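Engineer: Below: one structure in C-alpha cells.
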C-alpha cells in the first residue's frame, strides 16, 4: 500500500509515520511517498474518519508507472471503475 504524505523532506515523512504510530521495518509493505503534485486537495476525497483518499484516475496513473505488476493492477482498476 502506498500513502501520499504532504511534505518535501524525509523528516516530513518520518513525522507523518510517527503521527500515525508507524515505524520503519525492512521489507514492509506500506510505503510513504511525497504527494507528486501540489494539487493535493483537488485530487483527493475526505472520508468520515478524516482521512483523505485518492480519486481512482490518480491511482490509475500512479499504478501505470509502478512496473509490470502495477500496469496489471491499473488495468484491473480501470476495468472495474468503468463498468
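Engineer: Take the chain, compute every pairwise Cα distance, and split them into 5 Å bins from 0; I just need the percent in each bin.
Structural biologist: Once binned at 5 Å, the Cα pair distances of the chain give 3, 12, 20, 22, 22, 14, 5, 1, 0.
Engineer: Hey, another quick one. Which of 55, 13, 22 ends up with the largest GNM mean-square fluctuation for the chain, with Cα atoms connected below 10 Å?
Structural biologist: In this elastic network of the chain, the residue with the biggest mean-square fluctuation among 55, 13, 22 is 22.
Engineer: Cα gyration tensor of region 37-83, axes a ≥ b ≥ c as square roots of the eigenvalues: rounded (a/c below 1.5), prolate (a/b > b/c) or oblate? Could the numbers behind the result be given before it?
Structural biologist: Details: a/c = 2.46, a/b = 1.65, b/c = 1.49.
Prolate, since a/c reaches 1.5 and a/b exceeds b/c.
Engineer: In addition: Consider a paramagnetic label point 7 Å from the Cα of residue 77 along Cα→Cβ; state which residues of region 2-21 have an amide N under 19 Å from it.
Structural biologist: 2-6
Engineer: Another question about this same structure. Where does each of 1, 54, 81 land when they are ranked from fewest to most other beta-carbon atoms within 10 angstrom?
Structural biologist: Working: 1 7, 54 18, 81 12.
With the sparsest Cβ surroundings first, the list reads 1, 81, 54.
Engineer: Further question on the same structure: Mean residue ellipticity at 222 nm from the helices of the chain, using -39,500 (n - 2.57) per DSSP H segment of n ≥ 4 over the full residue count, to the nearest 500 deg cm²/dmol?
Structural biologist: Details: 3 runs with 33 residues, N = 83.
After summing the helix terms and dividing by the residues of the chain, the value is -12000 deg cm²/dmol.
Every read-out reported here was derived from the displayed coordinates using simple, explicitly stated rules and does not represent laboratory data. None of these values were measured; they are calculated from a predicted model. Glycine gets a Cβ as well: all are built from the backbone with ideal geometry, and neighbour counts include every protein chain shown.
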